Structures are given as C-alpha cells and as structure tokens.
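I have placed the structure first, in the form of structure tokens, so that the comments after it can refer back to it.
The values are calculated or read from the model by the stated rules, or taken from the named source; none is laboratory data. These figures come from a predicted structure and were not determined experimentally. For neighbour counting, all protein chains shown are included, and Cβ atoms are generated from backbone atoms with ideal geometry for every residue, glycine included. Accessible surface areas use protein heavy atoms only, side chains included; no ligands, DNA or RNA. Shrake-Rupley method; radii C 1.70, N 1.55, O 1.52, S 1.80 Å.
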Amino acid sequence: MRRRGALVVLAGLGMGGALLLAQPRPVTPAPGSAEVRFVQDMRVHHEQAVTMSVLVLKVARDRSVRSLALDIQLGQEEQNRQMEAWLRRWNAPDGKQPDAMHAGMMGMATREELLSLKTLPVREAETQYLRLMRRHHQGALLMARPLTGSPQPLVAGLARQITATQTGEIRTLDSLLKARGAQPLPAPHGRH
C-alpha cells in the first residue's frame, strides 16, 4: 500500500525559532484493500438500515421506536454520504449487494423480512424492526472491529464511530425488546 505523508514546517516569527509539526495526510487505500472493501460493504449495509428505518417510520406508533428509527436513518445517511465521497476520491466503485451467505454474515435482512415491515400489524412490525436492526447492528460490529486499527485514519475513525454508536443502539434495542417481552434474533456469525 502506498503511503504519502506531509511534513509541515512553520517558521517561528519574533523569536527566530522554527516549529516542526508532522501532519499525516490521509492515505489512499489500494484498490481491493480491506479498507476499500469495508467502505463498499458498509455503504450497502447502511443503505439497508436506512430502508428498514424508513419502512418502520411509515407505520410505527411507538415513540421510542420512531425516535430510534429516525436516529438510525439520519446517522447512517450521513455516514453513507461520507463513504460515497471517499469511494469517489479513491476511484473505487460503489459496493454491490452481497450474495445470501455474505448478507447473512453481515446480519442483513432478507427480502421477505423487509417486506414483513410493510405487512405485519403495527405492533408486530415495530418488534420485527427492533429484532432485525439488532441483528443488523451486530453484523456491522463484526465488519467494523477489524478496521478500528486501520492505517487509513478516515476508515479507522469511521470503524470506531460505528462500533461505539451501534453498541449503544444495541443496548437500546435490547431494552425495547425486553419491554415487549420479545426475544432477539440469533446473532450473525462467521468471517466477513
């Protein structure tokens, strides 16, 4: 992987001294690198979370569910805009929809599960959303954790942000599921 760094030298004024500051430039990841694949996959993953949130917001009545869905929608739309900009800057293609096995490891909902958010009675649709989003977030954690130490500072920062935010949201999802007496879906597993 190519690395570029910038060294900024500022001449001190007044006292005649020089101040040397090292400011690394963001590293452009190599095509096909773990960083590029992560951003591509996470962008697709976020798209589904936004879709699920929009679907439940059309039917949900519970204020807590609506608030959480709106937070997830807005937060992940913003992160998607960032990731789209990075991929353009890196001359990397957008991510593509994963096959069923890969999607399962990412905690993504099936087409039928997404449709159920439109067809179930309101209370059941809300609970289904909570269960699906919990599993979806668990998949995001599996994807993000290996990149928290990436040498690409933008990607490492995003991976840490996703890990922190979605860990907190999983706690909220657990609390809402418990209040409804609902069991979570099995967590996704396997290597991403």
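Going residue by residue through the range 126-143, is there one that turns out to be hydrophobic (A, V, I, L, M, F, W, C) and outside any helix (DSSP H, G or I)? Among the residues of the range 126-143, not one is hydrophobic (A, V, I, L, M, F, W, C) and outside any helix (DSSP H, G or I), which makes the answer no. Looking only at residues that are assigned to a helix (DSSP H, G or I) and of a type in the set (S, T, N, Q) in the range 149-170, which one is farthest from residue 132 (Cα to Cα)? Checking each candidate, the answer is 161. Just one residue in the set 130, 120, 158 is open to solvent by 40 Å² or more (accessible area, probe 1.4 Å), hydrophobic (A, V, I, L, M, F, W, C) and out of contact with any Ser or Thr (no Cβ under 6 Å at 6 or more places or on another chain); that residue is 120. Looking across the range 171-192, the residues that are in a helix (DSSP H, G or I), in contact with a helix residue (DSSP H, G or I) (Cβ under 8 Å, 6 or more places away or on another chain) and either at positive phi or open to solvent by 20 Å² or more (accessible area, probe 1.4 Å) (or both) come down to 172, 174, 176, 180.
The residue list 37, 89, 66 contains one member that is at pLDDT 90 or above, among the basic types (Lys, Arg), surrounded by 12 or more Cβ atoms within 10 Å (Cβ to Cβ) and farther than 30 Å from residue 179 by Cβ, which is 37.
So which residues in the range 84-95 are touching a helix residue (DSSP H, G or I) at 6+ places or on another chain (Cβ under 8 Å), within 13 Å of residue 28 (Cα to Cα) and assigned to a helix (DSSP H, G or I)?
Let us first name the residues in the range 84-95 that are touching a helix residue (DSSP H, G or I) at 6+ places or on another chain (Cβ under 8 Å), namely 84, 86-87, 90, 92-95.
Filter once more, keeping what is within 13 Å of residue 28 (Cα to Cα): 86-87, 90, 92.
Those that are touching a helix residue (DSSP H, G or I) at 6+ places or on another chain (Cβ under 8 Å), within 13 Å of residue 28 (Cα to Cα) and assigned to a helix (DSSP H, G or I): 86, 87.
Looking across the range 108-123 at every residue that is without any contact (Cβ under 8 Å) to a residue 24 or more places away in the chain and part of a loop (DSSP other than H, G, I, E, B), the one that is farthest from residue 51 (Cα to Cα) is identified as 121.
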